[in-house]
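Heads up, the thing below is written out as structure tokens.
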Amino acid sequence: MTPPPTAAVSTAQEQEAWRWLLQRHAPDQTLDEPAFQRWLAADPRHPQLYAQAEAVWRLSAEPAARLAEEESDALAGYLARLEAPRRTRRRGPAWSLALAACLLLALWTGGWWQPARWLGDLRADHVSAPGQIRELTLADGSQLVLDGDSALAVHFDGRQRRIELLRGAASFKVLRNGLPFVVRAEGGEVRVLGTEFEVRRLPRETRVTVASGQVAVRAGEAADLPQAVLHAGQRVAFADGRLAAPEAVDSSAALAWRQGWLAFYQAPLGEVLERLGDYYPGRIILLDAELAARRVTGSFPSADPHAVLDSLQALLGFRQRELLGRVIVVH
């Protein structure tokens, strides 16, 4: 059944719209028109998502082209080294520039060059930069800590206290005053029953971790949906309207970022680098899927992403290269 237009849009749907845009505009890409039309018709939200992506593209095309021109030599040189083992002949400058533009666009759609994020921040009441931890007190006296590269909007209307987590993560210490306190993220809803907890939006799911008290979590906003009631030391994840089973977690380690530490236990390297990306003022790209699955256990200071990468490199033996002072490629 086709979902109603009012249903929440997932991060995966937004990324799919950008992938279609990439096929239309990137050098050496050919748009599969029949497949594109099927995607547009599959969901009434898809045409609007694509139109929004196209509008942002038009707004940012000129600065993106200027950046490509300024940095094309460095990009082309790096890409040429990556391609060297597979090349049988040297290609001309047009090829290098095309690859440079492709990489810039890939970085854009992957999270580094994102004008859509800037436009989304216009909705936010509080925003943190990469690496910045912000402690805030809300109008009702509740306290929150905003993790690096995060944004949220606050809606207090006298009937309920509602927070919309637009990206990243925040921890909350809610003051009881008789009004419901609700946090919404990625279509799901966390209803506070008196607690200290964290909500974290990740690329593939949203996680809720409870440090004290309890919360009720639904994978959507409808009151008749199943819910999980979490207590201290529990976590649950939801994505695309589905709610996973709660699991036990070390909540003090999970919320150690508030004291400047990133703690992991048997976490995939891909997930570790995603978290580290919240503290690096650019983009960390992992090119090796097998490497992404390697497990990491340890605590690392979040204030120095380069030092963390060096420690992980010594532990796992990967290679890394910083490009343009804004992108770190791990392979």
With no solvent and one equal point scatterer placed on each C-alpha of segment 227-331, evaluate the Debye formula and give log10 I(q)/I(0) for q = 0.19 Å⁻¹, two decimals. -1.01
Rounded to the nearest 0.05, what FRET efficiency is calculated for residue 52 and residue 289 with R0 set to 41 Å and r the Cβ-Cβ distance? 0.85
Quick one: compute the contact order of segment 187-244, relative version, from alpha carbon pairs under 8 angstrom and 6+ residues apart, as a percent. 35
Among 219-225, 17-23, 254-260, the order from most to least packed when residues are scored by Cβ within 10 Å on average: 17-23, 254-260, 219-225
Diagonalise the Cα gyration tensor of segment 143-249 and give the resulting equivalent ellipsoid semi-axes, square root of 5 times each eigenvalue, largest first, whole Å. 18, 16, 15
FRET efficiency for residue 175 and residue 266 from the Cβ-Cβ distance with R0 = 51 Å, rounded to 0.05, comes out at 0.90
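Let me check I've understood the local charge: for residue 257, count other residues with C-beta under 11 angstrom from its C-beta, Lys and Arg +1, Asp and Glu -1. What total comes out?
Numbers: positive: 200, 258, 275; negative: 147, 198, 278.
Result for the local shell: 0.
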Theoretical gain in end-to-end length, residue 157 to residue 314 [0.36 nm per residue, Cα-Cα removed]: 51.3 nm
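Taken together, the values in this text are just the output of simple stated rules run on the coordinates, not laboratory data. What you see is a predicted model, and the numbers here were worked out from it, not measured in a lab. Backbone-built Cβ (ideal geometry, glycine too); neighbour counts: all protein chains shown.
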